[in-house]
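Undergrad: So that we are looking at the same thing, I have put the structure below in structure tokens.
Every number in this text was worked out from the coordinates using simple rules, so none of it is lab data. This structure is a prediction, so every number in the text was calculated from the model and none was measured. Virtual Cβ from ideal backbone geometry, glycine too; neighbours counted across all protein chains shown.
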Amino acid sequence: MRTSRLAISFSAVTFLFATAGVAQPSGTTRGLPAPQAVEQPRGPQGQPIDPNGEKGISPLMIKILEGNAAYAARDFAGAVAAYRQAILQNPEHPLGHYMLGQALLAAGDATEAEAAFQRGLRFTGANKELHAKLLFVLADLNQRQGRLDEAKKGYALYASYCRANPQVQGYPENAEARIRAIDIRDDVAKKSALVKKRAEDREKDLGLTTPAQAAN
């Protein structure tokens, strides 16, 4: 009987040591299967996505790149849509507003383009390079719209800003050349109008029918 009891005890101890050495499968909890790792989203070239754009590409830049591709393909409506989505990712980043303005201008919507540029200008902060670009495109837009006095002020502001911030890769000489071109054009227009008026006055003195009278 004593021998039987010792055999049973020895068998129990052997079983305990055997089971204690069996490791649980890695990642399991009480026999449950390990949870599957969730695959992290990646950028268009497989780069990690970082909201701040420090350790990967930001969602803002993903949409900017989509807009750039659409713009290059002359799909201006697609570019506008992508840049608007970029702004939703980071409304206070000036790049989205700047690119949206460029796309809107290419699409023929100068009014909305100007509004986008103005919004971008409010958010440039320490981004002097983009601040300078926005000053120039606003001055250029005023010139295109025939608001020449506003254009001259804008070009002068851009030139002054570039000279005050030499680290900016700007072209103040180009802006100043545009101011001179506007002045020359304005001077030519004024002289042309004066010559025309003198000619009409002389025709009146001679009793001739002026072009304006003939048109009526």
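Undergrad: Considering only residues that are closer than 18 Å to G101 by Cβ, touching an Asp or Glu at 6+ places or on another chain (Cβ under 9 Å) and crowded, with 17+ Cβ neighbours inside 10 Å, which ones fall in region 138-169?
TA: Matches in region 138-169: L138, A139, L141, N142, Q143, A151, G154, Y155.
Undergrad: Looking at this structure, is E114 surrounded by fewer than 16 Cβ atoms within 10 Å (Cβ to Cβ) and either among the hydroxyl-bearing types (S, T, Y) or at negative phi (or both)?
TA: So E114 does not fit the description; no.
Undergrad: Which one is farthest from the chain's Cα centre (by Cα) among residues in region 100-146 that are part of a loop (DSSP other than H, G, I, E, B) and within 17 Å of R163 (Cα to Cα)?
TA: Among those residues, the one meeting the criterion is A126.
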